[in-house]
Amino acid sequence: MVEFKIDARSLREFADIVVSLNQEAKIDFTNKGLSTKIIDPAHIAMVLLEIDKDTFQDFKVEDEESIGIDIERLRNAMKLASSTDIINFKADGKRISIKYGNLSYNIPIIDPSSISTPKMLNLEIPNKIITDFNLVLTGIKAAENFADVVTFHMKTDELKILAKGESDLENAELSIPKSLAKEYVFSEEAKSSYSLDYLSNFVRSLESVTDISIMLKTDYPLKIEAPVFNGKGKVTFILAPRIESI
Amino acid sequence: MTIPRKVDDIPYPPELCARCKAQKMLCGRSKCPILEKFYISMNLKYVKEVQGSSPPSVFIGSKNYPKVNVGPAAPLKNGDTSYMEDTSKLINLPLDDIISIRYSLYRGFRNLNVDSPRNPPSYLLDVYDLVLSSKPTFVEMEYYKITETLQIDAQSQPFGPGGIIKRFEHSHGTSNQKLEKVYYDSDLKAYDAVVLLNSNGVPFHEIQKVFSLGMLGNSKNRKLVPTRWSITAVDSILSEYYENRIKNYEDIDGYYFFENHNLGNNYFIFVFPWSYIYENIETWGIGSVWVGNRGMSIEEEFEDGKRKVRNPKMGGSFFATKLPILEYLDSIQKKAGILAIRYVTGDYYIPIGVWQVRENIKLALRNRKAISNIDDFFHIVREKTGVDFKYFSKIYKIVKTQKRLEV
């Protein structure tokens, strides 16, 4: 049995992050908190989400347990909650009950063994920048206007987020100079492109993030890490690159 | 406005006709100038009365919706006429034979509101009875006058002439129990009924008939659906069902190629390890029915698990191509990305409906050949058609550029 309380805003953010990749999730509960690994069906992107039990109120886990949840259903069950509502979550036996205000919902638990979970990849990425999340978000939103692919280019003194339109005359570029970075680790110049489909969905699902760390290597998976839920949780996102020359 | 003598004289780009297929009337005329020549050239026999064995067959028009023409179809002969309706047999015949068989099916109509299945009048109950029978059934129809010419359609099967009938009688035979069971189950949803019939092995054309007559679903919601629309509806329902089944299977274990060349239609299919994505490219080559010598027309549509194509440029063939491939993947319990190319030549001189696409794809799926990558696929297709389709393909771009995580 698993039981906890959490504000609707946080649970919604959790659901949005997961749903950006897959509709179903296997969530592992221990007495320290919860974690989940999600991979999209085409194996292009994955997310690791770890949340400390301090994020919740009255967090109770009897034994270590894995629960399969249809996240779309969970989102529907929370549709009527305002963001400050406290949600009572309880998973027992075959169903999950969600209560807030005078409302209560029940949704079925999915067999966790039917949900494929990825192994975490061991990536060696030499470059890293930690900077303001909103700055990066602006760069990605600007790229969405032009293309379905965005390019990250890291030089000795700046990170550029670029997108090219159909003609050479169309493009968008956002520059984050080293001076705006909270941490800037540079060991080699790196330039790599990624599908905006996946990246936009992911970054747009982040609500409680202020700082974001980006790790980049040429034609290699992109790794993004960010503290979530006031530093009591952590999200890691990995996205396979696009190789632009056919 | 005069009717052009030849397709080539039509003053519109070929793509317009390839997208319209005499269904959307994109040129603004009330009759399709391409099909007009067939109506003129066919030798029609106008009769006052039809006595013959219905396979059984029915037709529901889309004109004047929601008051539509509904009724049975039957030839002027007796005996086992089931082959006239059975698409898995028709597909093996030459085009000339298919159309002469189908044009010998005379249609009888009564004009009914689409809501009538909720409280069926006795005429509709008679039609239901006919469709439920498991064997060809003798019918008699007496016309006021034959008013409709041939039904030539890119979507539905061809039909012969038709008109409003004074009198309709039929003999009674044994019923198809699988159909009967869902017909009398007024709590079963139409979606679930279609899925159930399909898993019970009922052929597509029979499911589509009972669907279009409003014989499925909750009795309060039953409705007549014009034949043309019911085909895509059943295709979509079954595709959705199979897509949900395959999404949790493992990736297919290699790159596979399938092909079939029949009735002037050339099909090339490529399946590869990926999650569900589907691309359909349809090409009307020089000399083919909708474009003539005006030029080639190429239409492309792409969908993935999240964003579905609801109104494809090529019409119902998009759905009719997808269904047998999904069925195939379910039968081998694998998920895959799907790319299907249709290349039509001048030998396909008259449209006979999307059943032809569905049956030809099924035939193609009987032989699979392992190839080494997507470039091989486009190379084979280029050898056979002279067209390098990779420049039109979104899947080509995705597969060549998007790396996957190795987990």
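The values are calculated or read from the model by the stated rules, or taken from the named source; none is laboratory data. Quick caveat, the model's predicted, so the values are computed rather than measured. Cβ: placed from backbone, ideal geometry, glycine included. Neighbour counts: every protein chain shown. Calculation scope for accessible area: heavy atoms of the full protein, side chains included, ligands and nucleic acids excluded. Shrake-Rupley method; radii C 1.70, N 1.55, O 1.52, S 1.80 Å.
Residue-wise test of (1) open to solvent by less than 40 Å² (accessible area, probe 1.4 Å); (2) modelled with pLDDT under 95; (3) in contact with a strand residue (DSSP E or B) (Cβ under 8 Å, 6 or more places away or on another chain).
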site	(1), (2), (3)
B:Val47	yes, yes, yes
B:Lys63	no, yes, yes
B:Val68	yes, no, yes
B:Pro72	yes, no, yes
B:Lys77	no, yes, yes
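Of the strands (runs of 3 or more DSSP E) entirely within the range A:140-196, those holding at least 3 residues that are touching a residue at least 40 places away in the same chain (Cβ under 8 Å) and surrounded by 14 or more Cβ atoms within 10 Å (Cβ to Cβ) occupy A:149-154, A:190-195.
Residues being open to solvent by 80 Å² or more (accessible area, probe 1.4 Å), among the polar types (S, T, N, Q) and more than 13 Å from chain B (Cβ to nearest Cβ) are represented in the range A:220-232 by at least one member.
Taking the numbered list (1) within 18 Å of the chain's Cα centre (by Cα); (2) touching a residue at least 40 places away in the same chain (Cβ under 8 Å) in turn, A:Leu34 passes all entries but (2). Looking across the range B:349-407, the residues that are part of a loop (DSSP other than H, G, I, E, B), closer than 16 Å to B:Tyr256 by Cβ and away from every other protein chain (no Cβ under 14 Å) come down to B:Leu365, B:Arg366, B:Asn367, B:Arg368, B:Ser372. On inspection, B:Tyr65 fails the criterion of being closer than 20 Å to B:Thr227 by Cβ and touching a Gly at 6+ places or on another chain (Cβ under 6 Å). Can you tell me which residues in the range B:248-261 are in contact with a Leu (Cβ under 7 Å, 6 or more places away or on another chain) and open to solvent by 20 Å² or more (accessible area, probe 1.4 Å)? Residue satisfying the conditions is B:Asn260 alone. For the range B:89-107, a tally of residues being of a type in the set (Gly, Ala, Ser) and modelled with pLDDT of 95 or more returns 0. Take B:Ser30 and tell me if it is in contact (Cβ under 8 Å) with a residue 12 or more places away in the chain and either outside the structural domain of B:Asn360 (by TED's automatic domain parsing) or open to solvent by 30 Å² or more (accessible area, probe 1.4 Å) (or both). Here the answer is no, as B:Ser30 does not meet what is asked. The residues listed here are A:Ala42, A:Ala25; of these, the one that is in a strand (DSSP E or B), within 14 Å of chain B (Cβ to nearest Cβ) and open to solvent by less than 20 Å² (accessible area, probe 1.4 Å) is A:Ala25.
Every test in (1) in contact with a strand residue (DSSP E or B) (Cβ under 7 Å, 6 or more places away or on another chain); (2) under 27 Å from A:Ser195 (Cα atoms); (3) in contact (Cβ under 8 Å) with a residue 40 or more places away in the chain is passed by B:Pro312 save one, and that test is (3). For the range B:337-347, the condition holds for at least one residue, the condition being that it is within 14 Å of another protein chain (Cβ to nearest Cβ) and under 25 Å from the mean Cα position of the chain (by Cα).
Applying the condition of being part of a helix (DSSP H, G or I), open to solvent by less than 40 Å² (accessible area, probe 1.4 Å) and in contact (Cβ under 8 Å) with a residue 40 or more places away in the chain to the range A:71-83 and asking which residue is nearest to the other protein chains (Cβ to nearest Cβ) yields A:Ile71.
A quick yes/no check of all residues on (1) at pLDDT 95 or above; (2) touching a strand residue (DSSP E or B) at 6+ places or on another chain (Cβ under 9 Å); (3) not assigned by TED's automatic domain parsing to the domain that holds B:Asp97:
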{"position": "B:Ser212", "(1), (2), (3)": "yes, yes, no"}
{"position": "B:Pro226", "(1), (2), (3)": "yes, yes, no"}
{"position": "B:Tyr241", "(1), (2), (3)": "yes, no, yes"}
{"position": "B:Asn244", "(1), (2), (3)": "no, no, yes"}
{"position": "B:Glu259", "(1), (2), (3)": "yes, yes, yes"}
{"position": "B:Trp290", "(1), (2), (3)": "no, yes, yes"}
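Within the range B:301-324, at least one residue is within 14 Å of chain A (Cβ to nearest Cβ) and open to solvent by less than 10 Å² (accessible area, probe 1.4 Å). Does B:Pro14 qualify as being within 19 Å of B:Gln208 (Cα to Cα), modelled with pLDDT under 95 and open to solvent by less than 20 Å² (accessible area, probe 1.4 Å)? Spelling it out, it is not the case that B:Pro14 is within 19 Å of B:Gln208 (Cα to Cα), modelled with pLDDT under 95 and open to solvent by less than 20 Å² (accessible area, probe 1.4 Å).
Reported count of residues in the range A:96-136, each being more than 30 Å from A:Ser175 (Cβ to Cβ) and within 14 Å of chain B (Cβ to nearest Cβ), is 12. Considering B:Asn265, B:Asn280, the condition of being under 18 Å from the mean Cα position of the chain (by Cα), under 22 Å from B:Lys390 (Cα atoms) and either among the charged types (D, E, K, R) or surrounded by fewer than 23 Cβ atoms within 10 Å (Cβ to Cβ) (or both) is satisfied by B:Asn265 alone.
When B:Arg245 is tested against the conditions (1) more than 14 Å from chain A (Cβ to nearest Cβ); (2) touching a helix residue (DSSP H, G or I) at 6+ places or on another chain (Cβ under 9 Å), the lone failure is (1). Take the conditions (1) in contact with an Asp or Glu (Cβ under 7 Å, 6 or more places away or on another chain); (2) charged (D, E, K, R); (3) under 25 Å from B:Leu224 (Cα atoms); B:Arg19 misses just one of them, which is (3). Exactly one residue among B:Lys181, B:Lys145 is over 18 Å from B:Gly52 (Cβ atoms), open to solvent by 60 Å² or more (accessible area, probe 1.4 Å) and within 26 Å of the chain's Cα centre (by Cα), and that residue is B:Lys181. The residue that is farthest from the other protein chains (Cβ to nearest Cβ), among those in the range A:1-19 that are within 20 Å of A:Tyr194 (Cβ to Cβ) and open to solvent by 10 Å² or more (accessible area, probe 1.4 Å), is A:Asp16.
Tell me the residue from A:Ile107, A:Ile51, A:Ile67, A:Ile86 that is touching a helix residue (DSSP H, G or I) at 6+ places or on another chain (Cβ under 6 Å) and surrounded by 13 or more Cβ atoms within 10 Å (Cβ to Cβ), please.
A:Ile107
For beta carbons closer than 6 Å, sequence separation of 6+ or different chains, a first residue in the range A:212-240 that is in contact (Cβ under 8 Å) with a residue 12 or more places away in the chain and a second that is among the basic types (Lys, Arg), the qualifying pairs are A:Met215/A:Lys128; A:Met215/A:Lys223; A:Thr218/A:Lys191; A:Pro227/A:Lys234; A:Ile238/A:Lys223; A:Ala240/B:Lys403; A:Ala240/B:Arg404.
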